[in-house]
There are 2 protein chains.
Amino acid sequence: MTENRQWVLASHPTGMPDLANWRLETAPIPDPEDGEVLIRALYLSVDPYMRGRISPQKNYAAGVSVGEVMQGGGVGVVVKSRAAALQEGDFVESFGFGWRDYSVQPAPGLTKVDPTLGPLTAWLSYLGLPGLTAYFALLETGAVKAGDTVLVSAASGAVGQIVGQIAKLKGARAVAVASSDEKLTWCRSIGYDAGINYRTVPDLTEAVAEACPDGVDVFFDNTAGPIHDAAMKNLALFARIVICGTIALADRFEEPDIGERFIRAILVARAKMQGFLLFDHTDRFDAARAELAAWEKDGRLHHREDIAEGLEQTPAAFLKLLHSENFGKQLVRIAHDPTL
Amino acid sequence: MTENRQWVLASHPTGMPDLANWRLETAPIPDPEDGEVLIRALYLSVDPYMRGRISPQKNYAAGVSVGEVMQGGGVGVVVKSRAAALQEGDFVESFGFGWRDYSVQPAPGLTKVDPTLGPLTAWLSYLGLPGLTAYFALLETGAVKAGDTVLVSAASGAVGQIVGQIAKLKGARAVAVASSDEKLTWCRSIGYDAGINYRTVPDLTEAVAEACPDGVDVFFDNTAGPIHDAAMKNLALFARIVICGTIALADRFEEPDIGERFIRAILVARAKMQGFLLFDHTDRFDAARAELAAWEKDGRLHHREDIAEGLEQTPAAFLKLLHSENFGKQLVRIAHDPTL
């Protein structure tokens, strides 16, 4: 292959994105300069945060402009190195891959993958952004403790599946919210104590009340929207609400989010609502990965991936995620994984 | 006097209360039983939290039913004691006075007033609920630190006036929001760096942005409502929002609070919004009072009281508070203060 296939943003979506928002182009494979490496992508990750990057609205992450290569993380193999720390054949993970076959990236932004900790895909799931997010957001922002009831939205998703299992490891009760009975059955199989299908329950607030009879001690909010509202109406005293993702608001970036507000509920429960961003915790990623890997090797941490085949499927895989149609961490396989 | 005058709740208000919600009755002066004391009220305190107590809605404090004596705190003198810890002539403070001349209260619920720390009224202002609220809510929940910009609603009120001064003592910048230029002038005289008259500025969000050019690090929310919204649109990274009072929502207890929601703002700023209740901190009241008294004696903590004369003025004083017409901590003098 001498050409680099790449997905560029064709237009900013208004509302829910569709396939027409991207187009596949080709470009020459770039050359690394001093301090850089050329990487062949093996797996790309599609994640809810990317919805924010394609909105023209202000966000904490720099956005993608029309005509630019779509941003995204991945795992790949170094094919040419001009950086002392990395050699051809090394596996690396970063957020700088973009939706393309090959990328040139500066060595300091790359995490060298330690293949003894887990398979390559793990660096995009339980050892990567989703696993680390679950770890720090639940243990630190959520301050989970034994006896807590932990309610998790998008519970079978990349972050949610790890949250529920860490909650159980810490002696808490874990309640899953997901979009299908099949996902909830799997959530129970990995340790969740109860489940709520938000698409079929007649009243979400009552369903949360039934599943959490002593109230919600930790609400791990991956979505915002109606699940958030139902949780806020069922807070236990000193509840912690971890705002981790707001995907349910994603197609309303352009307008204010008008709805029921829970300022009095926060006061009455002396609850704490806090926004979480993984990159505030980079200095402790290695320690967290070591603990997550140990749990997985002990058989105490299960995970599930949903792998699409081929770069050309990347936008479709991302849309599947936005429509809650994925089951487990959504990845795209870009090239043959040489470790398999 | 052989009769006890007392204000009872005549009806639950719908919307803003008015004088017709209470009626003055008389009853015999009660006798203390073992472990109780009879107290002559000297000053009663009227506070925003009382609005919640007269709503039929669920709240963290037990409500007042129609026909019951209106609840409220005060300072008084023991006139008959059947408790070993207290003698006739001792001054005491508690939340159990009610709007009446005499009350019988169990000794364990009473705080014995140390007259060397400050005047009797201080136990209802900077050494009492408002001062202690400012102290713990700003220092612990708000985690104020040098260099922070602290935005305070109801800044000339009982809590707000202390918040601004503690913020300054800790090296922060303090910005007042109040309902009149006269109040703001006074706020500046006690140390506030800037002020916003929320009744006259054309755009509250822009006014907050101008007064807090680096964003709001700590928003001390005494009111909820439009000031809350303006603050939420101006959060600095890692902002802390202390939910201390929601008086602006007080006449909407019966209906949900519908409005703009700031879940994404909380996520983007990694902000923390937390409800505060003073009674979670009772074990450290003495230490906090000692520090507040020392600041006041050093001339570093100023305070202002607004004292209505006579028990018959109590409902009117409370309504004045609800309409932001008081200037400083609103008290009612019930009988002659023997320490003056």
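Here are the numbers for this structure:
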{"read-out": "Mean-position separation - Cα centroids, the range B:67-107 and the range A:103-147, in angstrom", "value": "59"}
{"read-out": "Paramagnetic reach from B:GLU182 in the range B:296-336 [backbone N under 18 Å; point 7 Å along Cα→Cβ]", "value": "B:303-309, B:317-331"}
{"read-out": "Area accessible to solvent at A:THR282, 1.4 Å probe radius, in Å²", "value": "70"}
{"read-out": "The range B:1-66: trypsin sites (Lys or Arg not before Pro) in DSSP loop, at most 15 other beta carbons within 10 Å", "value": "B:LYS58"}
{"read-out": "Reach of A:LYS329 by Cα under 12 Å, taken over aspartates and glutamates that are not fewer than 8 positions away in the same chain", "value": "A:ASP47, A:GLU305, A:ASP306"}
{"read-out": "Closest-to-axis residue of chain B (Cβ criterion, axis taking B to A), whole Å", "value": "B:MET273, 2"}
{"read-out": "Loop sites in the range B:4-44: GluC sites (Glu not before Pro), DSSP, at most 15 other Cβ within 10 Å", "value": "B:GLU33"}
{"read-out": "Of all DSSP beta bridges in the protein assembly as shown, antiparallel share, percent nearest 5", "value": "55"}
{"read-out": "Exercise: per-residue mean of other protein chain Cβ atoms within 10 Å, A:274-283", "value": "4"}
{"read-out": "Across the identical copies, how the B:ILE258 labels are spaced - nm, sorted shortest first, 7 Å along Cα→Cβ", "value": "0.8"}
{"read-out": "Centre separation in Å (Cα based) which lies between the range B:196-215 and the range B:1-55", "value": "39"}
{"read-out": "Value of D in µm² per second that Stokes-Einstein yields for the range A:129-279, Kirkwood Rh from Cα pairs, at 10 °C (1.306 mPa s)", "value": "106"}
{"read-out": "Tensor-based shape of the range B:75-127 (alpha-carbon gyration tensor, a/c under 1.5 rounded, otherwise prolate or oblate)", "value": "oblate"}
{"read-out": "3J(HN,Hα) from dihedral phi, the range B:124-133, Karplus parametrisation 6.51/-1.76/1.60, rounded to Hz, x for glycine, proline", "value": "10, 10, 6, 9, x, 3, x, x, 5, 4"}
{"read-out": "Total accessible surface hidden between B and A, rounded to 100 Å², 1.4 Å probe", "value": "3300"}
{"read-out": "Where A:ARG261, A:ARG333, A:ARG304 fall by accessible area, highest first, once all protein chains stay in place (1.4 Å)", "value": "A:ARG304, A:ARG333, A:ARG261"}
{"read-out": "Solvent-accessible surface ranking, highest first, for A:VAL37, B:VAL104 at 1.4 angstrom", "value": "B:VAL104, A:VAL37"}
{"read-out": "Shielding of A:3-11 by partner chains, average beta-carbon count, 10 Å", "value": "0"}
{"read-out": "5 angstrom amide H check on B:ALA236, placed H, neighbours 5+ away", "value": "B:VAL216, B:ASP217"}
{"read-out": "Net lengthening on full extension, A:ILE307/A:PHE279 (0.36 nm per residue, minus Cα-Cα)", "value": "7.5 nm"}
{"read-out": "Volume per residue of the C-alpha convex hull in the range B:1-125, rounded to whole Å³", "value": "116"}
{"read-out": "Estimated dipole of the range A:131-193 in Debye, rounded to 20 [Cβ of Lys and Arg +1, of Asp and Glu -1, Cα centre]", "value": "140"}
{"read-out": "Per DSSP, loop GluC sites (Glu not before Pro) in the range B:209-267 with at most 13 further Cβ within 10 Å", "value": "B:GLU254"}
{"read-out": "For a label point 7 Å along the Cα-to-beta-carbon line of A:ALA316, residues of the range A:1-22 with backbone N under 12 Å", "value": "A:19"}
{"read-out": "Overall dimensions of the protein assembly as shown by Cα: Rg and Dmax, Å", "value": "29.5, 102"}
{"read-out": "Only Lys, Arg (+1) and Asp, Glu (-1) charged, at Cβ; the protein assembly as shown dipole about Cα centre in debye", "value": "420"}
{"read-out": "Over chain A: Rg over Rh, Cα atoms, Kirkwood Rh", "value": "0.98"}
{"read-out": "Label spacing, shortest first and in nm, from B:ASP298 to its equivalents in the remaining copies (7 angstrom along Cα→Cβ)", "value": "5.0"}
{"read-out": "Nearest-first distances (nm) between copies at B:GLY147, label 7 Å from Cα via Cβ", "value": "3.9"}
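The values are calculated or read from the model by the stated rules, or taken from the named source; none is laboratory data. Since the structure is predicted, the reported quantities are computational estimates derived from the model, not experimental observations. As a convention, Cβ positions derive from the backbone with ideal geometry for all residues, glycine included, and neighbour counts pool all protein chains shown. Calculation scope for accessible area: heavy atoms of the full protein, side chains included, ligands and nucleic acids excluded. Shrake-Rupley method; radii C 1.70, N 1.55, O 1.52, S 1.80 Å.
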